[in-house]
Amino acid sequence: MSDHYDAIIVGTGVGGAAVGALLAHAGWKILILDKNKVVGGRCTSYEKDGFVVDLGVHLFGMADKGSLGDVCRKIGLPDAIRWVTIGTATLMVKDRRMKYSRKNMSASVPEEEQKNLERLFVEVFQLSDEELEKLWYVPLNEWVSRFTTDPLAQSFIERINGQYFCVRGNEGSTAEFIKCFREVVQARSSAYPVGGCISIPKAYIEAIERFGGRLLLKAEVSKILVEDGKAVGVKLKDGSSFRAPVIISNADIKATVLELAGGEHFPKDYVEKIADLTYSYHAVALKVALSEKITDDQLMMYMPYDQESAVEKEIEQMQEGIVPDRVGAMITSPTNYDPSLGPEGRQMIFLGTGCPPRQDWRKWEETMLNSFYAVYPQAKGKVLWHRLDSPDLVNAYAGEDGCIIGVGQTIDQIHERRPSVVSPLPGLYFASAEAGGHGIGTELAADSARELFRVLHESEGKV
Ligand SMILES: Cc1cc2nc3c(=O)[nH]c(=O)nc-3n(C[C@H](O)[C@H](O)[C@H](O)COP(=O)(O)OP(=O)(O)OC[C@H]3O[C@@H](n4cnc5c(N)ncnc54)[C@H](O)[C@@H]3O)c2cc1C
């Protein structure tokens, strides 16, 4: 195979794989590398005892109708990812189960506050683009408190914000929250991919190969080669090297700039900005394999408290090193979307929640199990096995200290304050949940890929 490439992509996470597919379809000769032996970074899956287990606890807000599906359509393979749309989502507040809807959230808060929460939801859909523009750098909690100071009402919004962006409401961007909430509600296409999370990056990688590109796994890049002030290639840990006029990093932006390329090749203020970037927060995920199907639930938002500000209480406790007895969680059952993800008749349930890094994970295991049994008491005696996937595992797969999303969508790192997909070092670009883009997790990464594709191919012509 020829060693001439138009672009080399470092990392097979969603952003890297998506931009690779777009460029390969447009005729670019692509080499895509990953240090891991599987593709997908944070959006990957592994096998255990006949189950396909996702690394995280994933659900895709816009799925086919958002940036993930758009990449497939742009490369002429609209069905490359097969989606199963969510039927109904459930909200469980303490021990009360209901449909996860704006109406039920409003009905759960004290009567005198219900109108205020409803007013907030109406505002979300009525704000003009001009008014929305003014809210990029307004912290979400500040905006919410213009409508309601009720702790439970605030918790609802903070939990949705937490699920979307994995940053706290006092740092989260109001405009990014409103845009994503609107898009998800209006698209009504939240879904899960047949075959598990890994199906998404796999579909893009298969497209790269189909359009003549090459994938190398277990290929860790140790250096981005810079000559005459331009990125010109990569050197792998095993000593081999590859050259191309365009190098796209899907890896950690800090590691890319400060270590792989080297800070000396960038302006000082850019290096400082990159070094100061902060990541989204971390998560633990409990994976429970069951001997039989115990629920039809596909998606649940679980909140263990109904009175006080649950999120604030949990976060305060965690910061003091106290692991709460129960935690709020996003709960999914991938086998209810795609039964082939487990042995026949069996069920897999995931619980995911935000947590600080470097914890005593045995305590967390207990807490997560408490939460699991609080939601599904009927699971007693039917658990085949469970395992807790901590940020350490995410770090091993994708780096960035094991954070959930990438560079946090906080008010100081959003919109025009986000790192650009174009670096100041000629020849070096980014496509990931770390630079450019808008949206939730994988959709942010795929949007970053679309943005870079526009820069590299559509706007300027083939480099
Ligand atoms: C627990 C959890 C739950 C989540 N839930 C959701 C959800 O419900 N919905 C959603 O949309 N998103 C969710 N996400 C977030 C989403 O998975 C990520 O934001 C997204 O996948 C990040 O994609 P990325 O393109 O930035 O690449 P990453 O996933 O960061 O991948 C980077 C890749 O680069 C590779 N790499 C790094 N360094 C090198 C090197 N030197 N050489 C070669 N390769 C290298 C890594 O091996 C990795 O494969 C969740 C994530 C986690 C961890």
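None of the figures in this text is laboratory data; all of them are computed from the coordinates on show. As the structure is a computational prediction, the values presented were derived from the model and not from experiment. Methodologically, a virtual Cβ is constructed for each residue, glycine included, from the backbone with ideal geometry; neighbour enumeration extends over all protein chains shown.
Here are the numbers for this structure:
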quantity	calculated
Total charge dipole magnitude, region 3-123, about the Cα centre, Cβ charges on Lys, Arg, Asp, Glu only, Debye to nearest 20	200
Aspartates and glutamates with Cα under 12 Å of K273, excluding same-chain neighbours fewer than 8 positions away	D412
Local electrostatic count, V226, Cβ distance below 14 Å [Lys/Arg +1, Asp/Glu -1]	0
Contour excess over end-to-end distance, with Cα ends at K293 and R146 and 0.36 nm allotted per residue	48.5 nm
Alpha carbon convex hull of region 141-231, volume per residue in cubic angstrom	224
Exposed GluC sites (Glu not before Pro) absent - longest run of the chain, DSSP non-H/G/I/E/B, at most 16 other C-beta within 10 Å	1-219
Selection from G263, L452, A7 lying farthest towards where the dipole of the chain points positive, charges on Cβ	A7
Intensity falloff of region 101-187 expressed as log10 I(q)/I(0), Debye formula with alpha-carbon point scatterers, at q = 0.18 Å⁻¹	-0.73
Per-pair calculated FRET efficiency, R0 = 30 Å: R358 and K237 via Cβ, rounded to 0.05	0.70
Eligible lysines near K115 by straight Cα distance, threshold 29 Å, same-chain separation 8 or greater	K94, K99, K103, K134, K179, K313
Whole-angstrom Cα spans of region 209-328 along principal axes, big to small	62, 41, 24
Neighbourhood charge, 14 Å Cβ-Cβ cut-off, centred on S67 and excluding it, Lys, Arg +1 and Asp, Glu -1	0
Unit charges at the beta carbon, dipole of region 101-187: most positive-side option, L120, W136, A107	A107
Computed Rg/Rh of region 325-416, alpha carbon atoms with Kirkwood Rh	1.03
Around R82: net Lys/Arg minus Asp/Glu count, Cβ-Cβ under 11 Å	-3
The chain, dipole about Cα centre (Lys/Arg Cβ +1, Asp/Glu Cβ -1), debye to the nearest 20	1180
Links that overshoot a 19 Å alpha carbon limit, given the list K48/K287; K254/K287; K29/K65; K293/K380	K254/K287; K29/K65
Extension gain, Q126 back to D269 (0.36 nm per residue minus Cα-Cα distance, nm)	47.6 nm
Assigned charges on the beta-carbon of Lys, Arg, Asp, Glu; region 281-397 dipole about Cα centre (debye)	420
Mean separation of Cα contacts under 8 Å, 6 or more apart, over the residue count of the chain: relative contact order %	25
Values of log10 I(q)/I(0), in the order q = 0.21 Å⁻¹, for region 10-102 under a Debye, Cα-only, solvent-free model	-1.17
Gain upon complete extension [K218, K380; 0.36 nm per residue less C-alpha separation]	54.2 nm
Low-density loop positions, trypsin sites (Lys or Arg not before Pro), region 157-213 - DSSP coil, at most 12 other Cβ in 10 Å	R188
Value of Rg to Rh for the chain (Rh from inverse mean 1/r over Cα pairs, i.e. Kirkwood)	0.97
Within the chain, percent of DSSP bridges classed antiparallel, to nearest 5	70
Sequence of M303, M98, M105 once ranked by neighbouring C-beta atoms within 10 Å, starting from the fewest	M98, M303, M105
